[in-house]
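J.: Here you go, one structure.
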Amino acid sequence: MPSLRTPPLKSDGGRLFPQRAWQVLPPKGVEMAAPTASKAASLGCNNKPAFPELDFRSGARVEELNKLIQEFTKHDQREYDDQRALEIHTAKDFIFSMLGMVQKLDQKLPVANEYLLLSGGVREGVVDLDLDELNVYARGTDYDMDFTLLVPALKLHDRNQPVTLDMRHSALCHSWLSLRLFDEGTISKWKDCCTIVDHINGATNYFFSPTKVADWFYDSISIVLSEIQKKPQRGMPKVEKVEKNGTIISIILGVGSSRMLYDIVPVVSFKGWPAVAQSWLMENHFWDGKITEEEVISGFYLVPACSYKGKKDNEWRLSFARSEVQLKKCISSSLMQAYQACKAIIIKLLSRPKAISPYHLRSMMLWACDRLPANYLAQEDYAAHFLLGLIDDLQHCLVNKMCPNYFIPQCNMLEHLSEETVMLHARKLSSVRSDPAEHLRTAIEHVKAANRLTLELQRRGSTTSIPSPQSDGGDPNQPDDRLAKKLQQLVTENPGKSISVFINPDDVTRPHFRIDDKFF
């Protein structure tokens, strides 16, 4: 009687499975010929499993998830033709011209200013700002493309040492800003946008107020736009909406057949690095050796947002948007695709109550880059694994009510949330994790619907080329055609990248662009 025994488990890429269900062994003293290679293959003796790679939690096929992420990316990252590229340039040119006029209105803004233009609106999590006070805008319904523009109201660029801020009255990652750091001329110009604190010794301290600055900025922009619209020029964008959302000014422009949302954020700009984030520089990071430390710590901002218990009139939030532009260059395309797909899912799913923003997800992605080997994150066909991992990370952060700021880890960005809120969102994420394919399909349908609305608007709108605001339309030959081709090339070669711009408001016809490390 032959004996039966279970064969040893074989390993293939980390998965354990039996070579066959059972093996029949000959009686002692009886020899059997080894099967030929072809016969062994026909008996199922090869080491490769007969089943596809599956996600253990949901049972979803990893290959299918990868295909769905690729399809989402295809619809989410649209290619722009020359017409759309020219419309992008025209809108940007109009916004910069408007800001130049704001500067001339009362000379408050710096004469030569340096803006940071980011692809994606504030609602997309490109900057760490609270979304509670923002009106809901939807791509396709309200706009076709969105941007965030950081506009320095004050600049402190003349220091080489670490910048020490007054954080005595604030939570971590926040600060008050005393105008004592600036000269008398600056104090005189801005004191109407300050809160005043009198000391016992009789001295008066002016603290730069984010809410008052935002009020002034909105009023100034409204005045300028009113003047511009009194004397419309050929090819000038149509201002479809101007709204103050908390401390952010949102402008939607109609340009040709496109609608562009600009979220304009008044900020305070610093060169150097804040002392509170010095310890972060001592740690090892995924970008080490890929970009220089000087690129990462070239500057930071104070943005108009306060902590949960902070004083709105006085408190600003530290932002490292300039550094994030540099770090983005070191993130693999497959991880970015997974991040964009995950972001699309959570924006819809976790919109009420507004406790989780896409910026939290961005921070988790940066932490994952530090935690995981670079060669693993570089795998082109691992987008599904990355998506599932980001969902797991986000759920873990919610359950533990802990999401450290990437640059200031001692700052927990979820600390203020109630147990009820975090558990509600964790349960919602559990449903995503149980069926990620279905939620990806929903995200794909949403982006396709937005694109259909945009195409429908384009069909109804003008199909002719639009001149830029500076053009009189008399010479159809260039330079705008050349510029459109150049911009179209930049867009297709740099999908999703952020652009910083230096512009002199006295000469708005000569902006200088920087897309990551390229200058134009």
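J.: Quick one: which of ILE391, ILE408 is within 19 Å of the chain's Cα centre (by Cα) and closer than 29 Å to TRP273 by Cβ?
T.: Details: ILE391 fails: closer than 29 Å to TRP273 by Cβ.
One residue alone meets the criteria, ILE408.
J.: Name the residue that is most open to solvent (accessible area, probe 1.4 Å), counting only residues in the stretch 424-465 that are touching a Pro at 6+ places or on another chain (Cβ under 9 Å) and under 27 Å from LYS401 (Cβ atoms). I'd like the intermediate steps shown before the answer.
T.: We begin by selecting, within the stretch 424-465, every residue touching a Pro at 6+ places or on another chain (Cβ under 9 Å); these are 424-425, 465.
Narrowing further to those that are under 27 Å from LYS401 (Cβ atoms): 424-425.
Numbers: LEU424: 64, HIS425: 0 Å².
The residue in question is LEU424.
J.: Another one. Quick check on LYS343: is it of a type outside the set (Phe, Trp, Tyr) and open to solvent by 50 Å² or more (accessible area, probe 1.4 Å)?
T.: Working: of a type outside the set (Phe, Trp, Tyr): yes; open to solvent by 50 Å² or more (accessible area, probe 1.4 Å): no.
So LYS343 fails the test.
J.: Go through the residues of the stretch 67-78 one by one and say whether even a single one is at pLDDT 95 or above, among the aliphatic types (A, V, I, L, M) and open to solvent by less than 40 Å² (accessible area, probe 1.4 Å).
T.: yes
J.: Output the number of the condition that VAL102 fails; it satisfies all remaining conditions of (1) in a helix (DSSP H, G or I); (2) at pLDDT 90 or above; (3) open to solvent by 10 Å² or more (accessible area, probe 1.4 Å).
T.: (3)
J.: Still on this model: For residues that are under 14 Å from HIS285 (Cα atoms) and hydrophobic (A, V, I, L, M, F, W, C), tally how many sit in the stretch 327-344.
T.: Counting residues in the stretch 327-344 that are under 14 Å from HIS285 (Cα atoms) and hydrophobic (A, V, I, L, M, F, W, C) gives 3.
J.: From the list VAL268, VAL213, VAL239, VAL224, which residue is open to solvent by less than 20 Å² (accessible area, probe 1.4 Å) and part of a strand (DSSP E or B)? Step through it out loud before you land on a result.
T.: Numbers: VAL213 fails: part of a strand (DSSP E or B); VAL239 fails: open to solvent by less than 20 Å² (accessible area, probe 1.4 Å); VAL224 fails: part of a strand (DSSP E or B).
VAL268 is the lone residue from the list that is open to solvent by less than 20 Å² (accessible area, probe 1.4 Å) and part of a strand (DSSP E or B).
J.: Taking the conditions exactly as written (out of contact with any helix residue (DSSP H, G or I) (no Cβ under 9 Å at 6 or more places or on another chain) and small (Gly, Ala, Ser)), does SER357 satisfy them or not?
T.: Against the criterion (out of contact with any helix residue (DSSP H, G or I) (no Cβ under 9 Å at 6 or more places or on another chain) and small (Gly, Ala, Ser)), SER357 does not qualify.
J.: Name the pairs: first residue in the stretch 264-289 and among the hydrophobic types (A, V, I, L, M, F, W, C), second residue in a helix (DSSP H, G or I) and open to solvent by less than 60 Å² (accessible area, probe 1.4 Å), Cβ to Cβ under 6 Å, at least 6 apart or on different chains?
T.: Pairs that qualify, where the first residue is among the hydrophobic types (A, V, I, L, M, F, W, C) and the partner is in a helix (DSSP H, G or I) and open to solvent by less than 60 Å² (accessible area, probe 1.4 Å), are PHE286/CYS369; PHE286/ASP370; TRP287/LEU327; TRP287/CYS330.
J.: Here's a follow-up. Within the stretch 246-262, can you find the residues that are surrounded by fewer than 22 Cβ atoms within 10 Å (Cβ to Cβ) and assigned to a loop (DSSP other than H, G, I, E, B)? Don't jump to the end; show me each part of the working.
T.: Here is the first cut: in the stretch 246-262, the ones surrounded by fewer than 22 Cβ atoms within 10 Å (Cβ to Cβ) are 246, 252, 254, 256-257.
Scanning the stretch 246-262 gives GLY246, GLY256, SER257.
J.: Output yes when any residue across the stretch 177-194 is crowded, with 18+ Cβ neighbours inside 10 Å, in contact with a helix residue (DSSP H, G or I) (Cβ under 9 Å, 6 or more places away or on another chain) and within 30 Å of ALA450 (Cβ to Cβ), and no when none is.
T.: Checking the stretch 177-194: not a single residue is crowded, with 18+ Cβ neighbours inside 10 Å, in contact with a helix residue (DSSP H, G or I) (Cβ under 9 Å, 6 or more places away or on another chain) and within 30 Å of ALA450 (Cβ to Cβ).
J.: May I pose another question? Go through the stretch 385-423 and give me each residue that's in contact (Cβ under 8 Å) with a residue 40 or more places away in the chain, surrounded by fewer than 16 Cβ atoms within 10 Å (Cβ to Cβ) and not charged (D, E, K, R).
T.: Answer for the stretch 385-423, where residues must be in contact (Cβ under 8 Å) with a residue 40 or more places away in the chain, surrounded by fewer than 16 Cβ atoms within 10 Å (Cβ to Cβ) and not charged (D, E, K, R): PRO409, GLN410, HIS416.
J.: With the requirement that a residue be open to solvent by less than 10 Å² (accessible area, probe 1.4 Å) and either within 30 Å of GLN233 (Cα to Cα) or of a type in the set (Val, Ile, Thr) (or both), what does the stretch 271-299 give you?
T.: VAL296
J.: With respect to the numbered conditions (1) in a helix (DSSP H, G or I); (2) out of contact with any Asp or Glu (no Cβ under 8 Å at 6 or more places or on another chain), which one is the sole condition not fulfilled by SER334?
T.: Result: SER334 passes all but (2).
J.: So LYS309 passes all but one of these: (1) touching a residue at least 60 places away in the same chain (Cβ under 8 Å); (2) in contact with a helix residue (DSSP H, G or I) (Cβ under 8 Å, 6 or more places away or on another chain). Which condition number does it fail?
T.: (2)
J.: When you look at PHE207, is it under 30 Å from GLY120 (Cα atoms) and crowded, with 20+ Cβ neighbours inside 10 Å, yes or no? Even if it seems obvious, please write down each step before you answer.
T.: Details: under 30 Å from GLY120 (Cα atoms): no; crowded, with 20+ Cβ neighbours inside 10 Å: yes.
No.
The values are calculated or read from the model by the stated rules, or taken from the named source; none is laboratory data. Model, not experiment: these values are computed from the prediction. Because the Cβ atoms are built from the backbone with ideal geometry, glycine has one as well, and the counts that use them run over all protein chains shown. Side chains included, ligands, DNA and RNA excluded: accessible areas come from the protein's heavy atoms. Shrake-Rupley method; radii C 1.70, N 1.55, O 1.52, S 1.80 Å.
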